[in-house]
Protein chains: 2
Amino acid sequence: MLMPAFSTRSVNVSDVSTYIQNNRQRYVDELVELLKFPSVSADSAHKSDIEKCADYLAAHFKSLGLEARKMETGGHPLVYAEWLGAPRQPTVLIYGHYDVQPPDPLNLWESPPFQPEIRNGKLFARGSSDNKGQFYAHVKGIEAHLKQNQKLPVNVKLLIEGEEEISSRHLEEFIRKNAAMLKADVVIVSDSAMAGPNQPAITYGLRGLAYLEVRVDGPNRDLHSGAYGGSVANPAEVLARILARCKDDRGRVQIPGFYDDVLAVDQRERDLMSKVPFSDEADRENLGVPAHFGEEGFSTLERRWARPTFEINGIFGGYMGEGPKTVLPAWAGAKVSMRLVPNQNPEKIADLFEKFIETLKPTTAKVTVKRYEGAFPSVVPIVGPYVEAATRAVTRGFGKAPLFTREGGTIPVVSTFKKVLGIDTILIGYGQNDDNLHSPNEKYTLDDYQKGILTSAHLLEEMAR
Amino acid sequence: MLMPAFSTRSVNVSDVSTYIQNNRQRYVDELVELLKFPSVSADSAHKSDIEKCADYLAAHFKSLGLEARKMETGGHPLVYAEWLGAPRQPTVLIYGHYDVQPPDPLNLWESPPFQPEIRNGKLFARGSSDNKGQFYAHVKGIEAHLKQNQKLPVNVKLLIEGEEEISSRHLEEFIRKNAAMLKADVVIVSDSAMAGPNQPAITYGLRGLAYLEVRVDGPNRDLHSGAYGGSVANPAEVLARILARCKDDRGRVQIPGFYDDVLAVDQRERDLMSKVPFSDEADRENLGVPAHFGEEGFSTLERRWARPTFEINGIFGGYMGEGPKTVLPAWAGAKVSMRLVPNQNPEKIADLFEKFIETLKPTTAKVTVKRYEGAFPSVVPIVGPYVEAATRAVTRGFGKAPLFTREGGTIPVVSTFKKVLGIDTILIGYGQNDDNLHSPNEKYTLDDYQKGILTSAHLLEEMAR
């Protein structure tokens, strides 16, 4: 690839903005085309749609002037593309995913999930916000630079995977194997939400996850609760007693050592959070709960973003059908998970949980614990040249400075990038909290798409030294 | 109906015994036919199977020479039959039920629940022991008399209901409305267990039942446990906390007032219990539990027969499928029941439970309690001519004198017969304690069936004056 002799700083960004403005309708049309692929990763019936979508993206990236290829992962392929024509400039790795959640229940969609429809300035389709519409904003920002100036202000690598909705099963291994190819200075991910309509946000923290299953085995078969009741330990009761001990009635997790590594929220973060528009009352209304419940001494946003949790995700045992059945169940189980915050380690937390369960085990039943894949929490520094560049780009793209937010959920790839490649990720959400991700009538605001494209274009420029 | 001029005492019982011996295989085949009806009363999908089973029984009773008919109850029908040709003799009312427990979990059955299979002298099928095989022993004993002698030694009324496994919902009203039709001198019920293999028993005490369902409702939809975890009450956790408070770790029920009306076991009863062959070690082995668990200060048999209990019969909520899913469930529920002993009252106990739950309710979620039909406990006198006649019949049928036992289960109709008709019930179990009632692989020992038929035939003879 030819090395440009002039500084990339000299790019005429106002021309790029004009280009984006002039191509607004075509950009929407192209996103509509992409959304027509039913690239549902969880459903093997859509395997060929996944392949076709990946092929389409690789071809499109090539048509823009990127080196691009579909790459095998052992599962669904990913699409990798790069432009490395700015050797003295930083390299930005942009991550996204082209796979989507299953569209069920179909009958609740107002327009078919893979026949995109624009209503009231919003584009309705599965994947519109999660994540095709968001990563495409970066693609179109890159396009604007390349079409207008035949070059980019920085080096860019695009990693668009096809398994995000199925736990990015093969991604960590892919990143390990292709660490040299993926080397970059900063990762940009747009797979999160703005702080509200017209209020952009940079998300600097995500929670991690430890997920386990507890099973209590009692008698070797379901027993008649009349014949045997009162004489053997009831596995559902043993389970309830164990789970009831995991948190106190003031919301504090009781696993010894659970909070040892938790980084406290400092005043600077509290100040940042206080700027985020949030109403406890509106939130209760939205969720239909009579009151919030959580760890004493923390606000609702702190509890969701910056404090670790213990939650029961599922509980089951004995008779679950209609009417009464007088059974003393042979076994009972629960799925539990703990959201983690810096500097908690999912393996260590799982160990502590298992050790705690060990102390709660009765001698009258068998208790076993099974672990699922965990994920590290991540918080990136909100100071430094890249975050500052991102802040300027967002401010220019949206006409408003971003708020700094955390999110309660987990994007495992963020901790994988840190762990494997040593790179921090900046999360710039172009979606909205009410975009119906994973639900019927997923939507994406076209104005956010347009401002996202502008932001992405500015970002490449601002990232340049 | 013609009145026989000769004394029914002149029946040739040895001919009846021979008839029973000669028809052993046919009697088994006919029971197999009856067991093929999936007459699951708790599941409305089986409504037509219930009807077909009742029709089959009514037709069969008629074919034996009884007056028989299917009768409506407001719920599932019952089958009533009678033979009243011995006017100077007592009337024996035989109660049984043709409905069965749901067969779930199906995958644990070695042979399908409604395709009866004989293995090792045992008949495996849902309902084989509870209760089709047991009441059919009486039907076949009656048949032997009628086929051999064209008459019975006493008057007989058969009441075979279709709602025993759903708390005999409509039976009490039916008995009240048909008190004249059901008038009798004694009730015989075979819906209990022998004291062991080759050890018949007459059961003189049963526990009662209070059955309730607790439901906890939290947010108006399943929430993402990352986005919302730690900030709202988790219904499964609220439920676990409530259930964990219902009993202490020494097996004592914590509902205030729960034990107030409990009659203590006296020395006479302890003596009767001590005659029952029972080994804690063999019992643990059989159940596959590392240790028993129950109220401190009572033996295993006392805990099962003479002490009240609190058991969780089912618990459910959130994600119960394979693998992890990070959901904060909208609701969770549990089915719970309390076995009651004299003189506890099921309505009063249900009231106490609801009152207790009221004190445990958090302000952060909605807790509701639903009641199912309850049942009174019962203990009958073990002296008097009918019990003595039953003792002789059992001794002749099984070749061994019965032990006097109580049972942990509930046969609500026993207290209803006493309350409404003023009649005592004698319980002669033809089942075994390890028959897997309400569990997969329910079974019935064919030798007990045969001896039960003999006992039933002798019983009719011994009951005659």
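Being over 20 Å from A:Arg126 (Cα atoms) and either acidic (Asp, Glu) or buried (at least 24 other Cβ atoms within 10 Å of the Cβ) (or both) is the filter here; which residues of segment A:427-452 pass it?
A:Leu427, A:Ile428
Taking the condition in a loop (DSSP other than H, G, I, E, B), more than 9 Å from every other protein chain (Cβ to nearest Cβ) and free of Cβ contacts under 8 Å to residues at least 12 places away in the same chain, does B:Asp271 pass?
So B:Asp271 fails the test.
Out of all the residues in segment B:139-148, is one or more closer than 20 Å to B:Phe417 by Cβ and in contact with a His (Cβ under 9 Å, 6 or more places away or on another chain)?
Looking for residues that are closer than 20 Å to B:Phe417 by Cβ and in contact with a His (Cβ under 9 Å, 6 or more places away or on another chain), one finds at least one in segment B:139-148, hence yes.
Could you run through segment A:275-298 and say how many residues are more than 9 Å from every other protein chain (Cβ to nearest Cβ) and either in a loop (DSSP other than H, G, I, E, B) or touching a helix residue (DSSP H, G or I) at 6+ places or on another chain (Cβ under 9 Å) (or both)?
Of all residues in segment A:275-298, those more than 9 Å from every other protein chain (Cβ to nearest Cβ) come to A:275-282, A:285, A:296-297.
So of that shortlist, the ones also either in a loop (DSSP other than H, G, I, E, B) or touching a helix residue (DSSP H, G or I) at 6+ places or on another chain (Cβ under 9 Å) (or both) come out as A:275-280, A:296-297.
Result for segment A:275-298: 8.
Search segment A:330-374 for residues being under 20 Å from A:Asn234 (Cα atoms) and of a type in the set (D, E, K, R), and hand back the single one that is farthest from the other protein chains (Cβ to nearest Cβ).
This residue is A:Glu358.
B:Ala180 fails exactly one of the following numbered conditions: (1) out of contact with any Phe, Trp or Tyr (no Cβ under 9 Å at 6 or more places or on another chain); (2) over 18 Å from A:Ala332 (Cβ atoms); (3) part of a loop (DSSP other than H, G, I, E, B). What is the number of that condition?
(3)
Taking the residues in segment B:196-214 that are buried (at least 22 other Cβ atoms within 10 Å of the Cβ) and assigned to a loop (DSSP other than H, G, I, E, B) as candidates, determine which candidate is farthest from the other protein chains (Cβ to nearest Cβ).
Going through the qualifying residues, I end up with B:Pro200.
Given the conditions (1) over 15 Å from B:Ala236 (Cβ atoms); (2) in the same structural domain as B:Arg221 (by TED's automatic domain parsing), which single one is not true for B:Phe316?
B:Phe316 satisfies all of (1) over 15 Å from B:Ala236 (Cβ atoms); (2) in the same structural domain as B:Arg221 (by TED's automatic domain parsing) except (1).
Quickly run through segment B:259-271 and pick out the residues that are of a type in the set (A, V, I, L, M, F, W, C) and modelled with pLDDT of 95 or more. Explain how you work it out, then say what you get.
Keep residues of segment B:259-271 that are of a type in the set (A, V, I, L, M, F, W, C), which gives B:262-265.
Scanning segment B:259-271 gives a single hit, B:Val262.
Out of everything in segment A:215-232 that is crowded, with 24+ Cβ neighbours inside 10 Å and within 13 Å of A:Lys366 (Cα to Cα), what residue ends up being farthest from the other protein chains (Cβ to nearest Cβ)?
A:Val216
So is A:Asp191 without any contact (Cβ under 8 Å) to a residue 40 or more places away in the chain and within 30 Å of A:Gly294 (Cα to Cα) or not?
No, not satisfied.
At least 2 residues that are assigned by TED's automatic domain parsing to the domain that holds B:Leu454 and among the polar types (S, T, N, Q) in each: list the helices (runs of 4 or more DSSP H) lying fully within segment B:7-122 that qualify.
B:13-22, B:47-64
Could you list all residues from segment B:145-177 that are touching a strand residue (DSSP E or B) at 6+ places or on another chain (Cβ under 7 Å) and charged (D, E, K, R)?
B:Lys157, B:Glu161, B:Glu164, B:Glu165
Out of the residues in segment B:235-258 that are assigned to a loop (DSSP other than H, G, I, E, B) and facing chain A (nearest Cβ under 9 Å), state the one that is modelled with the lowest pLDDT.
B:Asp249
Which of the residues belonging to segment A:252-277 are closer than 12 Å to A:Pro342 by Cβ and in contact with a Gly (Cβ under 9 Å, 6 or more places away or on another chain)?
A:Glu269
When you scan segment B:299-327, how many residues do you find that are more than 7 Å from every other protein chain (Cβ to nearest Cβ), over 30 Å from A:Ala375 (Cα atoms) and either out of contact with any strand residue (DSSP E or B) (no Cβ under 9 Å at 6 or more places or on another chain) or of a type in the set (Val, Ile, Thr) (or both)?
2
Would you mention how many residues in segment B:166-178 are surrounded by 24 or more Cβ atoms within 10 Å (Cβ to Cβ) and within 12 Å of another protein chain (Cβ to nearest Cβ)?
Residues in segment B:166-178 being surrounded by 24 or more Cβ atoms within 10 Å (Cβ to Cβ) and within 12 Å of another protein chain (Cβ to nearest Cβ): 1 in total.
Working carefully through the options A:Ser192, A:Ser274, find the one that is modelled with pLDDT under 95 and surrounded by 16 or more Cβ atoms within 10 Å (Cβ to Cβ).
A:Ser192
Restricting to segment A:147-165, count the residues that are outside any strand (DSSP E or B) and either outside the structural domain of A:Arg88 (by TED's automatic domain parsing) or farther than 21 Å from A:Asp55 by Cβ (or both).
Selection size over segment A:147-165: 8.
If B:Phe293 passes every condition in (1) surrounded by fewer than 16 Cβ atoms within 10 Å (Cβ to Cβ); (2) in contact (Cβ under 8 Å) with a residue 40 or more places away in the chain but one, which one does it miss?
Here B:Phe293 meets the rest and fails (1).
Within the set of pairs 6+ apart or on separate chains, which have a first residue in segment B:324-344 that is over 27 Å from B:Ile411 (Cβ atoms) and in contact (Cβ under 8 Å) with a residue 60 or more places away in the chain, a second that is charged (D, E, K, R) and in a loop (DSSP other than H, G, I, E, B), and C-beta atoms under 8 Å apart?
Partner pairs satisfying both residue conditions: B:Val327/B:Asp222; B:Leu328/B:Asp222; B:Pro329/B:Asp222; B:Ala330/B:Arg221; B:Ala330/B:Asp222.
Could you look through segment A:394-423, keep only residues that are part of a loop (DSSP other than H, G, I, E, B) and touching an Asp or Glu at 6+ places or on another chain (Cβ under 9 Å), and pick out the one that is surrounded by the fewest Cβ atoms within 10 Å (Cβ to Cβ)?
A:Ile423
Mind listing whichever residues of segment B:386-441 are more than 10 Å from every other protein chain (Cβ to nearest Cβ), among the charged types (D, E, K, R) and in contact with a Phe, Trp or Tyr (Cβ under 8 Å, 6 or more places away or on another chain)?
Matches in segment B:386-441: B:Arg406, B:Lys419, B:Asp424.
Across segment B:442-465, what is the number of residues that are farther than 21 Å from B:Leu108 by Cβ and within 12 Å of another protein chain (Cβ to nearest Cβ)?
Qualifying residue count for the region: 0.
Return only the number of the condition from (1) under 30 Å from A:Asp185 (Cβ atoms); (2) crowded, with 20+ Cβ neighbours inside 10 Å; (3) modelled with pLDDT under 95 that A:Met1 does not satisfy.
(2)
Just wondering, is there one or more residues in segment A:173-192 that are on the phi > 0 side of the Ramachandran plot and not acidic (Asp, Glu)?
Within segment A:173-192, not a single residue is on the phi > 0 side of the Ramachandran plot and not acidic (Asp, Glu).
The values are calculated or read from the model by the stated rules, or taken from the named source; none is laboratory data. Predicted model only: the values in this text are computed from it and were never measured. Cβ sites come from the backbone with ideal geometry, for glycine too, and all protein chains shown count toward neighbours.
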